[in-house]
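**Student:** Would you mind keeping the following structure in view while I ask a few things?
The values are calculated or read from the model by the stated rules, or taken from the named source; none is laboratory data. What you are looking at is a predicted structure, and each value in this text was computed from that prediction instead of being measured. All Cβ positions, glycine included, derive from the backbone under ideal geometry; neighbour counts span all protein chains shown.
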């Protein structure tokens, strides 16, 4: 139901524009909400992108052929490998069951705790690579443009990039329907308020629970800290350059007096 909620919001928001909705019909809207490859597990495809994909002008062909089946089979083999690889690792690292045994985590040394946290993140990534990858491959057979695959978390060093590249469909949803409309100005206050509304929606959409609230709050604080550090880093760099120039000028004046 959660995915249908997002698709329903996207459909209604994009249909507000009468010029755009004039070319749509009920069957297209029903096909978008109940499109089988993304119905249960995602990824989220915005209504406008879906409507453009099923437009006969943008379709490369109506039927499946060798050019479509070849990448589909290769991707299916790849995702099947990652599925069984993740299943194999779950026999040694109990990612899902460890939440019921917190005493195990309390007895770990710092390095083991850091490694466990990283492995939990990688498991979460592998899970969505398999799910989104399989569904996206099915979308490609129908010439439906799906969001890109999640980016490996080992190559992400900014928390904002984590939200941007992990679930691109959800990110596009938040940017188009919440962040941009809520950002009244380009100032820090406008961006902060828009980001707050995005994470408030994430909290409500995932479920109004205390653990979800803590997770969403920490994510929001992390984004705010990252943006603040970027602004502060530019200021510190500017001050450093000014101090360096003043030191060089002072040294030049002292050498000139000696001469």
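**Student:** Determine whether residue 208 is under 30 Å from residue 32 (Cβ atoms), out of contact with any strand residue (DSSP E or B) (no Cβ under 9 Å at 6 or more places or on another chain) and without any contact (Cβ under 8 Å) to a residue 24 or more places away in the chain.
**Tutor:** yes
**Student:** Working only within the range 150-186, note down all residues that are free of Cβ contacts under 8 Å to residues at least 24 places away in the same chain and under 10 Å from the mean Cα position of the chain (by Cα).
**Tutor:** Passing the criteria: 151, 161, 162, 164, 165, 171.
**Student:** Check every one of the helices (runs of 4 or more DSSP H) wholly within the range 41-147 and list those with 3 or more residues that are free of Cβ contacts under 8 Å to residues at least 40 places away in the same chain and under 19 Å from the mean Cα position of the chain (by Cα).
**Tutor:** Hits in the range 41-147: 110-141.
**Student:** Taking residue 229, is it exposed (fewer than 12 other Cβ atoms within 10 Å of the Cβ) and without any contact (Cβ under 8 Å) to a residue 24 or more places away in the chain?
**Tutor:** So residue 229 passes the test.
**Student:** Still on this structure, I have one more. What residue, of 180, 208, is outside any helix (DSSP H, G or I) and loosely packed, with under 15 Cβ neighbours inside 10 Å?
**Tutor:** Answer to the selection: 208.
The rows are residues; the columns are (1) out of contact with any helix residue (DSSP H, G or I) (no Cβ under 6 Å at 6 or more places or on another chain); (2) within 30 Å of residue 5 (Cβ to Cβ); (3) at pLDDT below 85; (4) exposed (fewer than 12 other Cβ atoms within 10 Å of the Cβ).
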{"residue": "56", "(1), (2), (3), (4)": "yes, yes, yes, yes"}
{"residue": "68", "(1), (2), (3), (4)": "no, no, yes, no"}
{"residue": "73", "(1), (2), (3), (4)": "yes, no, no, yes"}
{"residue": "89", "(1), (2), (3), (4)": "yes, no, no, no"}
{"residue": "96", "(1), (2), (3), (4)": "yes, yes, yes, yes"}
{"residue": "113", "(1), (2), (3), (4)": "yes, no, no, no"}
{"residue": "121", "(1), (2), (3), (4)": "no, yes, no, no"}
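Okay, residues lined up against (1) in contact with a helix residue (DSSP H, G or I) (Cβ under 6 Å, 6 or more places away or on another chain); (2) surrounded by fewer than 18 Cβ atoms within 10 Å (Cβ to Cβ):
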| residue | (1), (2) |
| --- | --- |
| 164 | yes, yes |
| 169 | no, no |
| 197 | yes, yes |
| 202 | yes, no |
